[in-house]
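Encoded as structure tokens, the structure appears first; notes follow it.
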Amino acid sequence: MKSGHRHADRRSPYVFDVHEIAHRAGVMKEFEVTVPAPAELGTEVIGVPEGSDSHLDIQLQAVVEGVLVTGHVDAQLRGECSRCLTELEDEASFEFQELFYHPGREVEEDELTIVDETVDIEEPLRGAVVLELPFTPLCAEDCPGLCPDCGFDLNQDPTHGHGDKVDPRWEKLAGLTGDN
Ligand SMILES: [Zn+2]
Ligand SMILES: [Zn+2]
């Protein structure tokens, strides 16, 4: 719910003060900061570890309707290969652009407003991160995954196999014939 009575959380490193520029269309302000990543930034399979260093490059540009925020974020990623379940660590960059409207104006459900002369970029940042992350992260494009029979990581030995004794039912039958 959007309400004019919401207050900005000025302690959040994702909240930027725009009072100097908000009403001076054309004026621009830039910030470069390294901040800790917020909790749950990502999906269930991969995301930015909470508290890890995220480098923000933020441009705030005053426009007639409000403040246009252009952001570039370099962040660390941690996740799990969806085939072999190995832990993955990587770095990624995310980009977003969001217009924060002046308060007092009717906005759509998905539009953001300047609150207490600040813009809170956490929501657009989350949107950009979730959109960019792979649904099925892989440790390598051609990761062979796990052996379907025993769960062995085939990255460690691509020749891994179970010969003819793959199916325990066959093993049992072989045993029976052996007894006869
Ligand atoms: Zn893998
Ligand atoms: Zn196996």
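The values are calculated or read from the model by the stated rules, or taken from the named source; none is laboratory data. Quick caveat: nothing in here was measured; it's all calculated off a predicted structure. Heads up, the Cβs are rebuilt from the backbone with ideal geometry, glycines too, and the neighbour counts pull from every protein chain shown. Just the protein is used for accessible areas: all its heavy atoms, side chains included, with ligands, DNA and RNA removed. Shrake-Rupley method; radii C 1.70, N 1.55, O 1.52, S 1.80 Å.
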Extending each Cα 7 Å along its Cβ direction at E44 and F135, get the distance between those two points in nm, one decimal. 1.4 nm
Interchain or long-range residues, amide H under 5 Å from L112's placed H: Y101
What whole-number value in Å² describes the accessible area per residue of the range 1-114 for a 1.4 Å probe? 61 Å²
If eta is 0.692 mPa s and T is 37 °C, what Stokes-Einstein diffusion coefficient results for the chain, Kirkwood Rh from Cα pairs, in µm²/s? 166 µm²/s
Can you list the HN-Hα couplings for the range 89-99, worked out from phi with the Karplus curve (6.51, -1.76, 1.60; θ = phi - 60°), rounded to whole Hz and with x for Gly and Pro? 10, 7, 10, 8, 10, 10, 10, 8, 9, 8, 9
With unit charges on the beta carbons (Lys and Arg positive, Asp and Glu negative) and the dipole taken about the Cα centre of the chain, which residue among C81, A128, H160 sits farthest to the positive side? A128
When the chain is treated as a GNM, springs tying every alpha-carbon pair under 10 Å, which of V27, V35, V48 comes out with the largest mean-square fluctuation? V27
So who's got an amide H within less than 5 Å of the one on L88, skipping anything under 5 residues away but keeping other chains? H placed 1.01 Å off N, in plane. G79, E80, C81
Run the dipole for the range 15-132 about the Cα centre, Lys and Arg Cβ at +1, Asp and Glu Cβ at -1, nothing else charged, and hand back the magnitude in debye, nearest 20. 220 debye
Where the accessible area of the chain is counted over protein heavy atoms with a 1.4 Å probe, how much of it, in %, is carbon and sulfur? 49 percent
Ranked by how many other beta carbons lie within 10 Å on average, peptides 69-77, 36-44 from highest: 69-77, 36-44
Go ahead and estimate [θ] at 222 nm for the chain from helices alone: -39,500 (n - 2.57) per DSSP H run with n ≥ 4, summed, over the residue count, rounded to 500. -4000 deg cm²/dmol
Per residue of the range 132-141, in order, report the coupling 6.51 cos²θ - 1.76 cosθ + 1.60 (Karplus, θ = phi - 60°) as ³J(HN,Hα) in whole Hz, putting x for Gly and Pro. 7, 5, x, 5, 10, x, 10, 6, 7, 3
Pop out the ³J(HN,Hα) list for the range 142-156 in order, Karplus 6.51 cos²θ - 1.76 cosθ + 1.60 with θ = phi - 60°, rounded to Hz; leave Gly and Pro as x. 10, 4, x, x, 9, 4, x, 8, 10, x, 4, 6, 5, 5, 7
Residues with amide H under 5 Å of N155's amide H, sequence separation 5 or more or different chain, H placed in the peptide plane at 1.01 Å from N; which? G145
